[in-house]
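Engineer: Below are the structure tokens for one structure; questions will follow.
The values are calculated or read from the model by the stated rules, or taken from the named source; none is laboratory data. The shown structure was predicted, so the numbers you read here are calculated from the model rather than taken from an experiment. Virtual Cβ from ideal backbone geometry, glycine too; neighbours counted across all protein chains shown. Please note that ligands, DNA and RNA were not included when accessible areas were found on the heavy atoms of the full protein model with its side chains. Shrake-Rupley method; radii C 1.70, N 1.55, O 1.52, S 1.80 Å.
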Amino acid sequence: MRYELLTKKLVTPPGFQVPERLQYEHLEARALTRADLADDVRGINDSLDLIIRTRGGGWPTEPVTEAVDFVDLVWHECEFRDRYSYSYAVYDNGGTYVGCCYLYPLGRRTELSEELLDFDVDVSWWVTPRAYERGDYDNLYAALRHWLAREFTFWRPYYSNREIPRAG
């Protein structure tokens, strides 16, 4: 069967409140919104090579402008509201922007295949070079594993980043 044009919808139980804020150790993730515009533009543009190396995929292809990123952030807000995908801006406990993480339906970022049908969410993330040097790439992976186990109803996450830290 051909799956390349299909996505597998994220399913949450009726009445389930998707968390808008998540805390794990020194990291706080909050639903990605227009309020994150300046931090997001700066973070993406400072991290282009690192995002491509660690997250992979087809984005970003070039530096982003505020106008382009504003549209992207509104899109993320709408998808969060409509329960289609969940994107978070991540900050440390000092308020410094760390990066972003994404919970997408399978087939959106990673082409859907028969092997991926058993998974229920596509998880990816990126961090700024400064956060990477501090170890926050691995810390955010640990946070995602924690949040998915305790805060969400997804049981079979697929971590689609090119670089996956060792769990531990």
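Engineer: Counting alpha carbon pairs within less than 8 Å and at least 6 residues apart, what relative contact order, in whole percent, applies to the chain?
Structural biologist: Relative contact order for the chain comes out at 29 percent.
Engineer: Rounding to the nearest 10 and keeping the result within 0 to 90°, find how far the Cα-based axis of helix 136-150 lies from the longest principal axis of the chain.
Structural biologist: Once rounded, the angle reads 40 degrees.
Engineer: Once fully extended, how much extra length lies between TRP59 and ARG34, figured as 0.36 nm per residue of separation less the alpha-carbon to alpha-carbon distance?
Structural biologist: 7.1 nm
Engineer: Right, another one. Using the crude model of +1 on Lys and Arg Cβ and -1 on Asp and Glu Cβ, and no other charge, please compute the dipole size for the chain relative to its Cα centre, in debye to 20.
Structural biologist: I would put it at about 400 debye.
Engineer: If you wrap a convex hull around the alpha carbons of segment 8-99, what volume per residue comes out, as a whole number of Å³?
Structural biologist: 120 Å³
Engineer: Rank PRO19, GLY43, THR61 by how far each Cα sits towards the positive end of the charge dipole of segment 1-79 (+1 on Lys, Arg Cβ; -1 on Asp, Glu Cβ) and give me just the farthest.
Structural biologist: PRO19
Engineer: Right, here's the next one. Could you give the angle, 0 to 90 degrees to the nearest 10, between helix 66-81's Cα long axis and the longest principal axis of the Cα atoms of the chain?
Structural biologist: Computed tilt is about 40 degrees.
Engineer: Using every pair of alpha-carbon atoms in segment 119-160, split the distances into 5 Å bins beginning at 0 and state the percent of pairs per bin, rounded to integers.
Structural biologist: Using 5 Å bins, I get a P(r) of 6, 24, 27, 20, 13, 8, 2 for segment 119-160.
Engineer: Solvent-accessible area of GLU25, probe 1.4 Å, all protein chains present, reported in Å² to the nearest ten, please.
Structural biologist: Its heavy atoms expose roughly 130 Å² to the probe.
Engineer: When only DSSP loop residues count, what chymotrypsin sites (Phe, Trp or Tyr not before Pro) in segment 127-168 have their Cβ near at most 12 other Cβ atoms within 10 Å?
Structural biologist: Answer in residue order: TRP155.
Engineer: Still on this structure, please answer the following. What is the gain in length, in nm to one decimal, between THR153 and ARG21 on full extension, counting 0.36 nm per residue of separation less the C-alpha to C-alpha distance?
Structural biologist: 46.0 nm
Engineer: Mind telling me which of ALA38, ALA29, ALA142 comes out most flexible in a GNM of the chain, alpha-carbon contacts under 10 Å?
Structural biologist: Looking only at ALA38, ALA29, ALA142, the biggest GNM fluctuation is shown by ALA38.
Engineer: Can you pull a Stokes-Einstein diffusion coefficient for segment 63-168 at 20 °C (1.002 mPa s), Rh from Kirkwood over Cα pairs, as a whole number of µm²/s?
Structural biologist: 144 µm²/s
Engineer: Something else: Out of ASN93, ALA167, TYR132, whose Cα points farthest toward the positive end of the dipole of the chain (charges: +1 Lys, Arg; -1 Asp, Glu; placed on Cβ)?
Structural biologist: Most positive-ward Cα: ALA167.
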